[in-house]
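Participant: One structure, as structure tokens, below. Some questions next.
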Amino acid sequence: MTAPRQDPLRDPRFFADPYPTYDRLREGCPVQRIPTGSGGHHAYLITGHREAREAFTDPRLSKDTARFFADRPSHRDLHPAISRNMLASDPPAHTRHRRVATRLFTTGRVRELRPFITRIVDDLTATWQPGTDIDLVADLAIPLPVTVVCELLGVPAADRAPLAAWSHDLFDATDTARIDAASHRIGDHLTDMIDGSPDHWFVRDCAAGGLDREETVSLAALLLVAGHETTTHFIGNAVLALLRHPEAFDRLVRDPDLIPGALDELLRFDSPISVATFRHSTQDLRVGDTDIPAGYPVLISPGAANRDPSRFPDPNDLDLDRDASAHLSFGHGIHRCPGAPLARAEAEITLRTLLTRFPHTRLTIPPHSLPWRPTRLTHGLTTLPLTLA
């Protein structure tokens with residue numbers, strides 16, 4: 001196995017299409033040491049499906065970033081609500097946060113939200129007509145999940161656009177100062193909002209679940225950021241995949257009731273999560289056939305694992321008849337995304353609306369010209385220009 005000499009996840013070509021890079025890395029070894037950044041640091045990247053599932057549930061891989069950086073100098077200045085959230089913690093702290101978060105997105109609660117989600121989609125698309133050019137990302141894929149999660153958290157309508165913009169900045173892979181500044185704007189804003197809304201049901205639920213003020217703010221920040229960013233990419237990637245596979249698009253146009261069953265394959269085919277959030281090894285361990293020493297960052301890639309041919313034959317084909325339920329786009333184990341039912345509902349309602357009202361929609365520009373977010377964490381479009389028909 002020949003390890004890459006440069007960080008393979010920072011090449012601009014990777015942001016547009018990470019899958020050739022993932023294929024090369026997986027063929028070399030599904031778990032391997034890679035350079036990260038330009039400071040001589042290294043991490044272990046996991047690209048195999050079996051190995052990723054194994055790593056997701058290994059308690060020796062910690063998500064407690066404060067523990068990892070305790071004796072390492074850092075020049076970062078993230079707000080605690082961002083740096084110490086549920087995704088950056090281990091049990092028992094994680095368990096308390098997750099217990100509250102899971103109650104927010106039960107199947108029953110999401111079912112109750114479906115009429116509300118449908119109204120938002122209808123409102124956002126009310127002026128759409130055949131022949132109209134739209135940007136699906138800006139006009140629907142961003143405002144839909146932002147509106148839903150902000151409504152859940154009690155964020156006033158006037159505050160939603162700036163919060164969405166700051167959330168967007170958190171995923172700017174090129175400017176750490178911009179990321180840090182955005183984290184403080186989000187954390188400070190949500191702190192003020194929660195302090196001023198002690199009787200809101202979200203604040204009461206957090207208190208009843210044993211979360212203190214800072215933990216309540218961190219959970220709100222996580223739901224805001226993770227609750228809309230990944231759903232935005234889920235919707236954009238799914239629509240693009242269908243437009244690039246006209247037979248699949250036409251099949252769902254003919255039978256929209258197939259859409260719920262197609263969501264797993266769409267998530268597998270182009271995961272909105274390219275690389276899962278930070279983990280580190282707390283002791284020596286072995287994942288697959290690779291030994292990982294204690295004290296190293298470990299990057300698990302759902303995007304790569306979902307294209308592992310040992311688990312999904314012909315993984316680069318979009319196959320709506322495939323059983324893709326083993327995809328890892330929502331993670332696996334105790335850190336699996338609790339908001340998955342809500343994300344699925346938002347994507348399903350969006351696709352049903354688009355395909356039934358505009359069954360001949362097409363891309364306005366060639367696929368190779370589409371702009372992608374320059375980040376390794378998520379895989380998503382910055383715009384998706386469509387001509388409705």
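Participant: Suppose the chain between ARG119 and ALA207 were pulled fully straight at 0.36 nm per residue; how much longer would it get relative to their current alpha carbon spacing? Intermediate results must be reported in sequence, preceding the final value.
Facilitator: Details: separation 88, 0.36 × 88 = 31.68 nm, distance 3.07 nm.
Extra length from ARG119 to ALA207 when fully extended: 28.6 nm.
Participant: Tell me which residues come under 5 Å, amide H to amide H, from THR383 once H is placed; ignore anything under 5 positions away on its chain.
Facilitator: For THR383, no residues qualify.
Participant: What's the FRET efficiency of ALA165 with ASP250 using the Cβ-Cβ distance as r and R₀ = 51 Å, to the nearest 0.05? Let's see the in-between values first.
Facilitator: Working: r = 37 Å, r/R0 = 0.72.
So, using R0 = 51 Å, E works out to roughly 0.90.
Participant: Please identify, among SER167, SER369, SER329, the residue showing maximal mean-square fluctuation in a Gaussian network model of the chain using a 10 angstrom Cα cutoff.
Facilitator: Top of the fluctuation ranking is SER369.
Participant: Let me ask something else. Looking at the chain as a GNM with Cα springs under 10 Å, which of LEU299, LEU342, LEU258 has the largest mean-square fluctuation?
Facilitator: LEU258
Participant: Follow-up question, since we're still on this one. Against the 2.2 N^0.38 Å scaling, with N counting residues, where does the stretch 281-389 land? I'd like the Cα-based Rg ratio to two decimal places. Could the numbers behind the result be given before it?
Facilitator: Values: Rg = 18.4 Å, N = 109, 2.2 N^0.38 = 13.1 Å.
Computed over Cα atoms of the stretch 281-389, the ratio equals 1.40.
Participant: Can you give the Kirkwood hydrodynamic radius of the stretch 121-209 from its Cα pairs, in Å with one decimal?
Facilitator: Working: mean 1/r = 0.0664 Å⁻¹.
15.1 Å is the Kirkwood radius here.
Participant: If all Cα-Cα distances of the stretch 159-267 are sorted into 10 Å bins from 0 onward, what percent lands in each bin, rounded to whole numbers?
Facilitator: 13, 32, 23, 21, 11, 0
Participant: Two decimals, Cα atoms only, Kirkwood Rh: what is Rg/Rh over the stretch 11-50?
Facilitator: On the way: Rg = 10.8 Å, Rh = 10.9 Å.
My calculation puts Rg/Rh at 0.99.
Participant: Another one. Take each uninterrupted DSSP H stretch in the chain, measure its Cα extent along the helix axis, and return the ones at 24 Å or beyond whose mean Kyte-Doolittle hydropathy is at least 0.0. Please list the in-between numbers first.
Facilitator: Values: long enough: 107-124 (25 Å, -0.23); 176-195 (28 Å, -0.37); 213-243 (45 Å, 0.85); 340-357 (26 Å, 0.15).
Helices meeting the criterion: 213-243, 340-357.
Participant: So, one more: Can you give the extra length, in nm with one decimal, that the chain gains between SER197 and ALA93 once fully stretched, where that is 0.36 nm per residue apart less the Cα-Cα distance?
Facilitator: On the way: separation 104, 0.36 × 104 = 37.44 nm, distance 2.40 nm.
Taking SER197 through ALA93 to full extension adds about 35.0 nm, to one decimal.
Participant: Continuing with the same structure: Measure off 7 Å from each Cα along the Cα-to-Cβ vector at ASP284 and THR174, then give the distance between these two points in nanometres to one decimal.
Facilitator: Label at ASP284, label at THR174, 4.3 nm between them.
Participant: Among LEU140, LEU363, which comes first, then next, by fewest other beta-carbon atoms within 10 Å? Mind dumping the intermediate values first?
Facilitator: Numbers: LEU140 25, LEU363 16.
Lowest count first: LEU363, LEU140.
Participant: Then there is this: Given R₀ = 25 Å, what would the calculated FRET efficiency be for ARG72 paired with GLU214, taking r from the Cβ atoms and rounding to 0.05?
Facilitator: Values: r = 23 Å, r/R0 = 0.92.
For ARG72 and GLU214, the calculated efficiency is 0.65.
Participant: Over the C-alpha atoms of the chain, what are the Rg and the largest Cα-to-Cα span, Dmax, in Å?
Facilitator: According to the Cα coordinates of the chain, Rg and Dmax are 20.4, 59 Å.
Participant: Which values of log₁₀ I(q)/I(0), to two decimal places, follow from the Debye formula for the stretch 240-286 at q = 0.14, 0.22 Å⁻¹ with a uniform point scatterer at every Cα?
Facilitator: Evaluating at q = 0.14, 0.22 Å⁻¹ gives log10 I(q)/I(0) of -0.50, -0.82.
Participant: Then there is this: Of the candidates THR378, THR350, THR127, which one comes out as most mobile in a Gaussian network treatment of the chain with C-alpha springs shorter than 10 Å?
Facilitator: Its mean-square fluctuation being the largest, the pick is THR127.
Participant: Pick out, in residue order, every one of the trypsin sites (Lys or Arg not before Pro) in the stretch 33-102 that is DSSP loop and has at most 12 other C-beta atoms within 10 Å; say none if there are none.
Facilitator: On the way: sites: ARG33, ARG50, ARG53, ARG60, LYS63, ARG67, ARG76, ARG84, ARG96, ARG98, ARG99; in loops: ARG60, LYS63, ARG76, ARG84.
Counting only loop positions with at most 12 other Cβ atoms within 10 Å, the trypsin sites (Lys or Arg not before Pro) in the stretch 33-102 are ARG76.
Participant: Using just the helices of the chain, give the 222 nm mean residue ellipticity in deg cm²/dmol: DSSP H runs with n ≥ 4 each add -39,500 (n - 2.57), and the total is spread over all residues, rounded to 500.
Facilitator: About -15000 deg cm²/dmol.
The numbers here are math on the coordinates, done by the rules we state, and not lab data. Since this is a predicted model, take the numbers as computed values, not measurements. Every residue, glycine among them, receives a Cβ derived from its backbone with ideal geometry; neighbour counts consider all protein chains shown.
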